[in-house]
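A short write-up of the structure that comes next.
The values are calculated or read from the model by the stated rules, or taken from the named source; none is laboratory data. Quick caveat: nothing in here was measured; it's all calculated off a predicted structure. FYI the Cβ positions are ideal-geometry reconstructions off the backbone, even for glycines, and counts take in every protein chain you see. Side chains included, ligands, DNA and RNA excluded: accessible areas come from the protein's heavy atoms. Shrake-Rupley method; radii C 1.70, N 1.55, O 1.52, S 1.80 Å.
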Amino acid sequence: MTGPAILTYNGQTYELPVVVGSHREAAIDISRLRETAGIITLDSGFANTGSCISNITYIDGERGILRYRGYLVEVLAAQSSFIETAYLLIFGELPTADQLKDFRSALTRNQSIHEDMHHHFDGFPPNAPPMAILSAMINALGCFEPVFMGEESDDQFVLAAARLMSKIRTIAAASYRKSVGKPMIYPRSQLRYTANFLHMMFSDPYELYEADQTFVDALDLLLMLHADHEQNCSTSTVRMVASSHANLHTSVAAGVSALWGPLHGGANAAVIAMLTELVETGEPLEHFIARVKDKDGKARLMGFGHRVYKHFDPRAKLIKAACDRLLNKLGRSDPLLDMAKRLEEVALRDEYFIERKLYPNVDYYSGIIMRAMGIPTDMFTVMFAIGRLPGWIAHWREVRKDPNSRIDRPRQVYSGPVVREYVPIEERN
Ligand code: CMC
């Protein structure tokens, strides 16, 4: 039992309850502080603010631990699949054989998109960024699913989750085909989730693409390792939109937009751009690292650092190993992988990175795997979105099921002008 925290402010003392989580992590509940003491808390970037109580994912950033619903991510990576893990995240338990079969069959039954949706792709200009298309098309998809636009029953929710998970993959592949001026490819029911996606990306009407099992396994792992990461920027966005009782589709579309930024999911593409530049220019790594450390410069070591991990990101370790396995199996080398490893070594020896506890994150090696499969760089963040979808769905549901959920509405400290007189335009100078 943890006693209350005591706050003294303006000569008065206030008792603040302390909430304790499963791992004894404690949080001071300040929800009634303004009401009782007339003061709010300020925490730019929410680095020290718990926005909710959640039972989906646990991270211990100091020790580099990540668990989905209590299961270590390393164990899931070795024994589970993306779809089984998605089920675990969304519904809270590992599925039985029958439940998994039913879920897979719901994914297959719902793999195609309404024929009219195909025409929506024509409205985008050539070279439109696939993340923009994805966000817009998830909202458009919601319009084709009016039954899921409101309060879903539990049964409807299972179907809504399966339909969205299945169709996001079809939309993602179609957005790529559109961006390269190729015809859209229909899904094939005999293929499983990841292989079906690769088919829709790379088959042609006159030639079927049979995905190498090595690619399928590597992509499945990659999707699983992205499946949830507690209150990150995009998931918090999904939760915030859900708190207004917005529907699943539009909440997820907002999550896609948040994920797009280079400090979040967009980092995987930025890493490849950075490594390519280093290989092409031959800039000495010590020189590049000096640029990254320069506070007046704009460069960052992309794929390094994390708000929560102050130790190795466990996903980065698994992805680095998968990257080595994949390239060895294919008997290929990639100058970007060699560069990434050299750069990592230089950074991890540098006092700047040691002091700030900056390590490779999930995005550092993931792009190299995707490149090996022929996935173009502007699709990398879309792949992250497909992987993150089960987490977004689980968090959306958690918000909607929580009887204590209220609309998210932070406060602010106003720092603008106090009161000003309106000056007619002719008197302004
Ligand atoms: N390169 C150089 N310096 C860095 C980096 C980096 N990648 N990351 C952090 N720092 C420095 C930063 O300048 C600051 O230094 P100082 O204390 O002297 O001001 C210190 O480390 C703390 O950084 P911060 O920016 O205050 O940390 P944050 O928690 O606000 O940001 C981050 C976290 C991930 C946005 C940041 O580390 C970053 O920009 N990394 C590169 C982009 C990236 O790889 N993003 C993917 C994140 S993982 C996947 C995901 O969640 O989307």
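Relative to its residue count, the chain spans a Cα convex hull of 221 Å³ per residue. Across the range 280-378, Cα-Cα distances exceeding 16 Å account for 59% of all pairs.
Take the Cα pairs of the range 5-103, get the Kirkwood Rh, then feed it into Stokes-Einstein at 4 °C and 1.567 mPa s and tell me D in µm²/s. Display every interim value, and only then the final one.
Numbers: Rh = 16.7 Å.
The estimated diffusion coefficient comes to 77 µm²/s.
3J(HN,Hα) couplings calculated from phi for the range 284-292 with the Karplus curve 6.51 cos²θ - 1.76 cosθ + 1.60 (θ = phi - 60°) are, in sequence order, x, 5, 4, 5, 5, 4, 5, 5, 5 Hz; Gly and Pro show x. Using the Karplus relation 6.51 cos²θ - 1.76 cosθ + 1.60 with θ = phi - 60°, the per-residue 3J(HN,Hα) values for the range 245-255 come to 6, 5, 6, 4, 4, 6, 5, 5, 4, 5, x Hz, with x marking Gly and Pro. Solvent exposure of ARG67, expressed as accessible area, is near 60 Å², computed with a probe of 1.4 Å over the protein chains only. Reducing the range 122-200 and the range 365-429 to their Cα centroids gives an inter-centroid distance of 21 Å. Across GLU74, GLU344, GLU35, mean-square fluctuation computed from a Gaussian network of the chain (C-alpha pairs under 10 Å connected) peaks at GLU35.
In this rough spin-label picture, where each label sits 7 Å from Cα along the Cβ direction, the ALA27-GLN79 distance is 3.0 nm.
Couplings 3J(HN,Hα) for the range 295-306, derived from phi with the Karplus relation 6.51 cos²θ - 1.76 cosθ + 1.60 (θ = phi - 60°), are 5, 7, x, 9, 6, 10, 7, 5, x, 10, x, 7 Hz, where x marks Gly and Pro. For the range 300-429, averaging the sequence separation of C-alpha pairs within contact (under 8 Å, six or more residues apart) and dividing by the residue count gives a relative contact order of 31 percent.
The residues of the chain have, on average, 52 Å² of accessible surface per residue, using a 1.4 Å probe with all protein chains present. Placing one identical point scatterer on every Cα of the range 208-339 and ignoring solvent, what is log10 I(q)/I(0) from the Debye formula at q = 0.12 Å⁻¹? Values returned for q = 0.12 Å⁻¹ are -0.66.
How high is the relative contact order of the chain, in percent, counting Cα pairs under 8 Å that sit 6 or more residues apart?
Working: 545 pairs, mean separation 84.6, N = 429.
Relative contact order for the chain comes out at 20 percent.
Computing the accessible area with a 1.4 Å probe over protein heavy atoms, can you report the carbon and sulfur percentage for the chain? Carbon-and-sulfur percentage of accessible area, whole number: 52.
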